[in-house]
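This report refers to the structure that appears directly beneath it.
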């Protein structure tokens, strides 16, 4: 895995690993190696999501110099995009 991986490529690789592990055709050593890579990718994705959430919270603004953090409702945004 590349050290400087973006969220999308890390998530795609994680999905590939899950498919391979679910296939059950790997040796124990291969499975463990992929599992370890998957854990690393999962941590990277979690970190990137946490960083994005923190940025969104900082951007929510009340008034001119006041800021307020609010949870981001992803499902609501997705429904609006579908309409």
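The values are calculated or read from the model by the stated rules, or taken from the named source; none is laboratory data. Not measured: the values here are computed from a predicted model. With ideal geometry, Cβ positions are generated from the backbone for all residues, glycine too; neighbour counts draw on all protein chains shown.
Things to note:
- Of all residues in the range 8-51, exactly one satisfies the criterion of being surrounded by 13 or more Cβ atoms within 10 Å (Cβ to Cβ) and either outside any helix (DSSP H, G or I) or in contact with a strand residue (DSSP E or B) (Cβ under 8 Å, 6 or more places away or on another chain) (or both), namely 26.
- Condition met for residue 79 (part of a helix (DSSP H, G or I), modelled with pLDDT of 70 or more and out of contact with any strand residue (DSSP E or B) (no Cβ under 9 Å at 6 or more places or on another chain)): no
- Condition check for residue 5: at pLDDT below 95, at negative phi and surrounded by 13 or more Cβ atoms within 10 Å (Cβ to Cβ): yes
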